[in-house]
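Novice: My questions will all concern the structure given below.
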Amino acid sequence: MKVLYWNVWQVPSIFTDCHGKERANGVNKTIRGYDLVVLNEVFTNKDIITKDLTEYPYSATTPNDLCKLGIGNSGLLILSKYPIIESEFIIYNNKSNYDYFASKGCLKVKINDGQKDYLIYTTHMQAGGRPIDNSVRMKQTEQLIDFIQKTSQNQNYLLIGDFNMCEDLTSVHFTDQRDAKERVETFNKLRDTLQLKVLQTDIIGYLTHGVLVDKYEYNPCDYSDGPYITAQI
């Protein structure tokens, strides 16, 4: 199964460079030709991103009315060539700063390609490097661990997304040594508790529990919030 993951930087113009529609058109052209597409930050321009994508008859996302403060949904979107036979979402109980305007959480799907089931989780976690942001991210991590432990039922799975943390103390996304230490400690708790193998490019990427991932490729893009990452599973 060919998989693409991407944080597509589709947030309201007040938070970006006002070129969201142009980026969305680029995303629409790029995400064709896969079996599974996992996107983060689809807060706006979902109609442009998904226009004429008939090759993905199945999708999973979250309601727009989860948050009363503005943006609304989680920004998570999964597009699939194959039937999605299960879907479940949790919203994180804790958030801070600009993330108050969203409904970040974790979306789980089970997909069947006609031969086997694939269990996929995607998440976009708390942003920021302040102590309060790191405290929130730790609480989200604990909630995420609990959700996956309860719903994976000893199956192998992929956890894909923008974690806003990683195991590398030198990440350019960290504001200082204190921030780096706290983010790495939280990430290591997620990795070690769930016994995950890390296939990650800085703060985004794939974590796998028993799923063989091949042809993991980092694809830089100059019109999004980061690269899109492809893999074969």
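The values are calculated or read from the model by the stated rules, or taken from the named source; none is laboratory data. These figures come from a predicted structure and were not determined experimentally. Backbone-built Cβ (ideal geometry, glycine too); neighbour counts: all protein chains shown.
Novice: From the set of residues in segment 82-105 that are under 17 Å from Pro12 (Cα atoms) and assigned to a loop (DSSP other than H, G, I, E, B), which is nearest to the chain's Cα centre (by Cα)?
Specialist: Lys104
Residue-wise test of (1) out of contact with any Cys (no Cβ under 8 Å at 6 or more places or on another chain); (2) of a type in the set (Asp, Glu); (3) surrounded by 23 or more Cβ atoms within 10 Å (Cβ to Cβ).
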site	(1), (2), (3)
Asp146	yes, yes, no
Asn154	yes, no, no
Leu158	yes, no, yes
Phe163	yes, no, yes
Leu169	yes, no, no
Asp179	yes, yes, no
Glu182	yes, yes, no
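Novice: Here's another thing I want to ask about it. Can you tell me which residue is surrounded by the most Cβ atoms within 10 Å (Cβ to Cβ) among those in segment 186-212 that are farther than 14 Å from Tyr121 by Cα and in contact with a helix residue (DSSP H, G or I) (Cβ under 7 Å, 6 or more places away or on another chain)?
Specialist: So, considering only residues that are farther than 14 Å from Tyr121 by Cα and in contact with a helix residue (DSSP H, G or I) (Cβ under 7 Å, 6 or more places away or on another chain), the one surrounded by the most Cβ atoms within 10 Å (Cβ to Cβ) is Thr186.
Novice: What's the number of the condition Leu79 fails, among (1) in a loop (DSSP other than H, G, I, E, B); (2) out of contact with any helix residue (DSSP H, G or I) (no Cβ under 6 Å at 6 or more places or on another chain); (3) at pLDDT 95 or above?
Specialist: (1)
Novice: Additional query: Given the criterion farther than 24 Å from Pro220 by Cβ, touching a residue at least 12 places away in the same chain (Cβ under 8 Å) and β-branched (Val, Ile, Thr), identify the matching residue among Thr175, Thr193, Thr201, Thr208.
Specialist: Working: Thr175 fails: farther than 24 Å from Pro220 by Cβ; Thr201 fails: farther than 24 Å from Pro220 by Cβ; Thr208 fails: farther than 24 Å from Pro220 by Cβ.
Checking each option against the conditions leaves just Thr193.
Novice: Just for segment 113-134: of the residues that are free of Cβ contacts under 8 Å to residues at least 40 places away in the same chain and part of a helix (DSSP H, G or I), which one is farthest from Val37 (Cα to Cα)?
Specialist: Out of the qualifying residues, it is Ile132.
Novice: One residue is enough: does segment 54-61 have a residue meeting the conditions in contact (Cβ under 8 Å) with a residue 24 or more places away in the chain, among the aromatic types (Phe, Trp, Tyr) and in a strand (DSSP E or B)? Don't jump to the end; show me each part of the working.
Specialist: Taking segment 54-61 and keeping what is in contact (Cβ under 8 Å) with a residue 24 or more places away in the chain, we get 55-61.
In the following step, the residues that additionally are among the aromatic types (Phe, Trp, Tyr) were identified as 56, 58.
Now narrow it down to the ones that are in a strand (DSSP E or B): 58.
Within segment 54-61 (the criterion being in contact (Cβ under 8 Å) with a residue 24 or more places away in the chain, among the aromatic types (Phe, Trp, Tyr) and in a strand (DSSP E or B)), the answer is yes, since at least one residue qualifies.
Novice: What pairs come up if the first residue lies in segment 159-170 and is within 12 Å of Glu185 (Cβ to Cβ), the second is hydroxyl-bearing (Ser, Thr, Tyr), and their beta carbons are under 9 Å apart, counting only those six or more places apart or on different chains?
Specialist: Every condition considered, the pairs that remain are Met165/Thr141; Met165/Ser171; Met165/Thr186; Cys166/Thr201.
Novice: Return the residues of segment 175-203 that are part of a strand (DSSP E or B), modelled with pLDDT of 95 or more and aliphatic (A, V, I, L, M); say none if nothing qualifies.
Specialist: Residues of segment 175-203 part of a strand (DSSP E or B): 197-201.
Within this subset, residues satisfying the condition of being modelled with pLDDT of 95 or more are 197-198.
Across segment 175-203, the qualifying residue is only Val198.
Novice: Next up: Pairs, please: C-beta under 9 Å, at least 6 apart or cross-chain, first residue within 13 Å of Tyr34 (Cα to Cα) and in segment 213-233, second basic (Lys, Arg)?
Specialist: From segment 213-233, the pairs are Thr230/Lys2; Thr230/Lys215; Ala231/Lys2; Ala231/Lys215; Gln232/Lys2; Gln232/Lys215; Ile233/Lys2.
Novice: While we're looking at this one, here's another question. Which condition number in (1) surrounded by fewer than 21 Cβ atoms within 10 Å (Cβ to Cβ); (2) at pLDDT 95 or above is the one that Met125 fails?
Specialist: Condition not satisfied by Met125: (1).
Novice: Are any residues in segment 21-49 of a type in the set (Lys, Arg) and without any contact (Cβ under 8 Å) to a residue 40 or more places away in the chain, and if so, which ones?
Specialist: Lys21, Lys29, Arg32, Lys46
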